[in-house]
Amino acid sequence: MQRVESEIARLIQEIDYDEVTHLFTMLSGGKRLRAKLILKIAPDDEKAPLLAAIVELIHAASLLHDDVIDEALLRRGVASVNATEGSKVAVMLGDILYSKAFTELVGFNKEIAQTIAASVTALSKGEMQDVKMAEKFNSDEKVYLDMLYLKTATLIEAAAKASALLASKDAQKYAIYGRNLGLSFQIIDDILDITSDEATLGKPAMNDFVEGKCTLPYIYLHEALDAQGQKRLEALHAKPLEEEDSKWIKEKMQEHKSIERSFELAKELSNEAMQAVKDDTELVEILQIMIKRSY
Ligand code: FPP
Ligand code: MG
């Protein structure tokens, strides 16, 4: 991973703007899941660290924009750039990182460049669907999962596929792995938003629903409630939650096993991902670590 961090630092240096260098060092790097995946899939390719750095810059740019869109004050436990520097700076920093990533991406072969570039269009479509869906209570599981695939799984899918292309491995298999890993990862994130506390999450707990996001446990809960319960849940959507209401939601989720049901789907998707790369023990291990995150 040191090679990826040096590539990221080199690209930031090349932007040649002290303000950007300074702001970038203030960001928390996060788990670097996408970069780790790329290095695991193409460990011997000399261009893998650069590809990983490009994907991490795109991911960082998307989060900068996402925090503006969500008006989020915290990211990975530290104040978001929009909170400390304002939205204008956050948007432009995102633009700079994103365009620098694309400048580097054009140096890769066409199929690799297209794979990553197309995933950013998909990711942006997913973000737009997410915003639109937050306007009213969504109880449709398929609509939710389609959005989730675009918003979070496509970049992971593209990272896995592009690194497989780099290493002349079976791109299709790794794409399936990336897609299912991405979906499973996001569903677990949705669960943790409900089951963890603010200190663990690095952002307020049960924030998704307050932001208007009807994640899988809420969709399953809605499905299980009677008409009166459904009305109560719908009325709580996209507003700050009173203590008593969040307690009610959690109790009802427990009663109807909404979290367990969501977790079952995450496990199913993880298993599909595992099946795709079953000979690669390190990739299987990544999945197991991710599933454990939710205990
Ligand atoms: C986080 O979702 C958001 C994303 C994973 C994607 C955001 C994509 C864009 C803003 C499109 C623009 C892309 C570029 C490269 C400029 P979340 O809000 O559900 O998760 P969170 O809790 O981590 O904020
Ligand atoms: Mg967000």
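The values are calculated or read from the model by the stated rules, or taken from the named source; none is laboratory data. What you see is a predicted model; the values in this text were computed from it and never measured. With ideal geometry, Cβ positions are generated from the backbone for all residues, glycine too; neighbour counts draw on all protein chains shown. All accessible areas refer to the heavy atoms of the entire protein, side chains included, with ligands and DNA or RNA removed. Shrake-Rupley method; radii C 1.70, N 1.55, O 1.52, S 1.80 Å.
Computed quantities for the displayed model
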{"read-out": "Rel. contact order, % - alpha carbon contacts under 8 angstrom, at least six apart, the stretch 37-184", "value": "25 percent"}
{"read-out": "Pairs from LYS36/LYS125; LYS213/LYS278; LYS31/LYS173; LYS40/LYS142; LYS36/LYS169; LYS100/LYS213 whose Cα-Cα separation, in the structure shown, is over 27 Å", "value": "LYS213/LYS278; LYS40/LYS142; LYS100/LYS213"}
{"read-out": "Centre separation in Å (Cα based) which lies between the stretch 225-277 and the stretch 132-194", "value": "19 Å"}
{"read-out": "Protein accessible area in the chain, 1.4 Å probe - carbon and sulfur %", "value": "52 percent"}
{"read-out": "For the stretch 84-135, convex hull of alpha carbons as volume per residue, Å³", "value": "79 Å³"}
{"read-out": "Highest average packing first - 109-117, 89-97, Cβ atoms within 10 Å", "value": "89-97, 109-117"}
{"read-out": "Percentage of interatomic Cα-Cα distances in the stretch 154-265 larger than 17 Å", "value": "60 percent"}
{"read-out": "Per-selection metrics, the stretch 39-140 (Cα): Rg and Dmax in Å", "value": "15.7, 48"}
{"read-out": "Cα point-scatterer Debye curve for the stretch 61-198, base-10 log of I(q)/I(0) at q = 0.09, 0.11, 0.13 Å⁻¹", "value": "-0.32, -0.47, -0.66"}
{"read-out": "All-pairs alpha carbon distance profile, the chain, 10 Å steps from 0, percent", "value": "6, 27, 34, 23, 8, 1"}
{"read-out": "Relative contact order [Cα under 8 Å, 6+ residues apart], the stretch 1-68, whole percent", "value": "40 percent"}
{"read-out": "The chain, relative contact order [Cα under 8 Å, separation at least 6], %", "value": "17 percent"}
{"read-out": "Over the chain: helical MRE at 222 nm, DSSP H runs n ≥ 4 each giving -39500 (n - 2.57), nearest 500", "value": "-23500 deg cm²/dmol"}
{"read-out": "Estimated dipole of the chain in Debye, rounded to 20 [Cβ of Lys and Arg +1, of Asp and Glu -1, Cα centre]", "value": "500 debye"}
{"read-out": "Solution diffusion estimate, µm²/s, Stokes-Einstein, the stretch 190-244, Kirkwood Rh from C-alpha pairs, 4 °C, viscosity 1.567 mPa s", "value": "110 µm²/s"}
{"read-out": "Ordering of 200-208, 162-170, 23-31 by burial proxy (mean other Cβ atoms within 10 Å per residue, highest first)", "value": "162-170, 200-208, 23-31"}
{"read-out": "Tail weight of P(r) past 21 Å, computed on alpha-carbon pairs of the stretch 207-295, percent", "value": "43 percent"}
{"read-out": "Helix axis angle, 281-292 relative to the chain longest principal axis, alpha carbon, degrees", "value": "30 degrees"}
{"read-out": "Cα gyration tensor shape for the stretch 121-182, rounded if a/c is under 1.5, else prolate or oblate", "value": "prolate"}
{"read-out": "Using alpha-carbon coordinates, inclination of helix 48-70 to the longest axis of the chain, degrees", "value": "40 degrees"}
{"read-out": "Degrees between helix 243-255 axis and first principal axis of the chain (Cα, 0 to 90, nearest 10)", "value": "90 degrees"}
{"read-out": "Modelled label reach - GLN230, point 7 Å along Cα→Cβ, the stretch 124-149 residues with backbone N closer than 18 Å", "value": "136-144"}
{"read-out": "Accessible surface, the stretch 113-255, averaged per residue in Å² (probe 1.4 Å)", "value": "45 Å²"}
{"read-out": "Debye, to nearest 20: dipole size of the stretch 189-228, +1 on Lys, Arg Cβ, -1 on Asp, Glu Cβ", "value": "60 debye"}
